[in-house]
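Below is one structure, written out as structure tokens; the observations come after it.
The values are calculated or read from the model by the stated rules, or taken from the named source; none is laboratory data. Quick caveat: nothing in here was measured; it's all calculated off a predicted structure. Heads up, the Cβs are rebuilt from the backbone with ideal geometry, glycines too, and the neighbour counts pull from every protein chain shown.
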Amino acid sequence: MNGLTPEKKAEIAKRFTEAIPHSKALGMELTRIGNGEAFIEMPYDERFIGDPRTGVIHGGAVSALLDTCCGASVMSHSRAPAITATIDLRIDYMRPATPGQKIRAHATCYRVTKSVAFVRAVAMDDDDDRPVATAAGTFTADHAPGRKSSEALS
Amino acid sequence: MSRPRPEPVHVVQKRRDAALRALVHGVPYVEFLGIEFDRRGDELTALLPFADKLIGNPMLPAIHGGVTAAFLETSAIIELGWSILWDQIESGQVDPEELTPGQLPQFPKTIGFTVDYLRSGLPRNAYARARVVRSGRRYASVHVEAWQDNRDKLFAQATGHFLMPMMDE
């Protein structure tokens with residue numbers, strides 16, 4: 001898998017991410033990917049409200065966005081295999097996302113070892129100065145082709 | 001000395017079921033995922049019926065990690081909300097019949113949530129139970145476990161920290 005050009009790798013990661021049924025269900029759109037970095041947007045949708053009094057999006061939907069974005073960044077990294085699964089993911093919520101605004105996630109896969117990829121990500125709404133949530137996670141980087149990947153992109 | 005007669009069972013059940021309904025229903029995202037709760041006394045079990053839209057990897061197929069995170073977080077927050085509400089309804093401080101679903105005045109807010117993915121989520125129903133490990137005046141810590149076919153074989157677990165609602169607000 002590591003013989004692939006960065007462009008080919010990004011293309012595979014993009015296609016895989018866009019084919020995820022749950023990401024489609026949440027309306028996620030991959031806007032940029034390559035070299036261990038991914039950008040995904042999720043439009044505001046009333047079906048994903050967590051607090052009906054305020055219209056704020058549920059934290060779980062933000063988690064799904066961050067997890068998808070993190071996984072995509074791993075798949076686009078030059079040293080990671082083209083398929084991955086979440087090992088663990090920590091999400092910190094700084095503030096509720098502003099109702100009506102889309103949420104943009106940016107993930108960076110900053111280190112890949114023989115078996116683990118390390119990722120961090122941030123979720124923003126229209127306010128670029130105050131993050132909505134941040135994430136830190138580890139993902140599988142299983143290079144052994146014979147071994148079954150337990151879960152791809154979780 | 002005679003104790004007051006215990007309440008009839010249907011009265012108790014009606015009160016508790018109404019309180020749970022108020023807590024769970026009316027949250028669009030919980031309904032979007034299809035999460036339900038089963039109650040036995042004060043013990044809650046969250047249920048996530050499998051659906052195609054929950055898939056993260058179409059090739060396996062496996063449940064999306066984000067769905068797993070959302071399922072665990074919902075279980076944790078409902079358990080915490082339930083533990084607060086339980087005392088209020090059992091003491092008669094709050095009348096569950098007057099609670100409007102989705103409009104509860106006090107709901108904890110998630111500060112941080114850490115999920116461990118132990119096995120891939122198979123394309124079948126998932127269950128979760130949460131335990132309030134510490135519930136303080138300002139902060140609470142909740143642990144939650146999720147499984148599919150076997151209770152002993154967890155496919156994910158998580159710990160979350162929550163900001164408690166201000167009771168005097």
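Would you call B:Thr100 within 14 Å of chain A (Cβ to nearest Cβ) and in a loop (DSSP other than H, G, I, E, B)? Against the criterion (within 14 Å of chain A (Cβ to nearest Cβ) and in a loop (DSSP other than H, G, I, E, B)), B:Thr100 qualifies. Select from the range A:1-18 the residues that are part of a helix (DSSP H, G or I) and aliphatic (A, V, I, L, M) and write down the one among them that is surrounded by the fewest Cβ atoms within 10 Å (Cβ to Cβ). Per the criteria, the residue is A:Ile12. Name the single residue that is farthest from the other protein chains (Cβ to nearest Cβ) among those in the range B:22-53 being of a type in the set (D, E, K, R) and closer than 25 Å to A:Ile83 by Cα. Filtering first and then ranking leaves B:Asp52. Screening B:Gly56, B:Gly92 for residues that are more than 8 Å from chain A (Cβ to nearest Cβ) and small (Gly, Ala, Ser) leaves exactly one candidate, B:Gly92. Candidates in the range A:128-154 are the residues that are away from every other protein chain (no Cβ under 14 Å) and at pLDDT below 90; of these, the one that is surrounded by the most Cβ atoms within 10 Å (Cβ to Cβ) is A:His143.
Put simply, of A:Glu46, A:Glu41 the only residue that is at pLDDT 95 or above, more than 17 Å from the chain's Cα centre (by Cα) and of a type in the set (D, E, K, R) is A:Glu46.
Considering the range A:3-18, the residues that are of a type outside the set (Ser, Thr, Tyr) and under 15 Å from A:Thr84 (Cβ atoms) include one that is nearest to the other protein chains (Cβ to nearest Cβ), namely A:Phe16.
Considering each residue of the range A:105-120 in turn, none proves to be within 25 Å of B:Val24 (Cβ to Cβ) and surrounded by fewer than 17 Cβ atoms within 10 Å (Cβ to Cβ).
Within the range A:19-68, being within 11 Å of chain B (Cβ to nearest Cβ), acidic (Asp, Glu) and either touching a residue at least 40 places away in the same chain (Cβ under 8 Å) or part of a helix (DSSP H, G or I) (or both) holds for A:Glu46, A:Asp51, A:Asp67. Within the range B:13-55, being without any contact (Cβ under 8 Å) to a residue 12 or more places away in the chain and either assigned to a helix (DSSP H, G or I) or crowded, with 17+ Cβ neighbours inside 10 Å (or both) holds for B:Gln13, B:Lys14, B:Pro28, B:Glu31, B:Phe32, B:Asp52, B:Lys53. For the range B:145-153, the criterion of being of a type outside the set (D, E, K, R) and part of a loop (DSSP other than H, G, I, E, B) is satisfied by at least one residue. Looking only at the range B:69-89, residues that are more than 7 Å from chain A (Cβ to nearest Cβ) and among the hydroxyl-bearing types (Ser, Thr, Tyr) come to 2 in all.
Would you pick out the residues in the range B:1-51 that are touching a Leu at 6+ places or on another chain (Cβ under 6 Å) and of a type in the set (Val, Ile, Thr)? Matches in the range B:1-51: B:Ile35 only. None of A:Val74, A:Val112, A:Val122, A:Val116 is of a type outside the set (D, E, K, R) and under 15 Å from A:Glu41 (Cβ atoms) except A:Val122.
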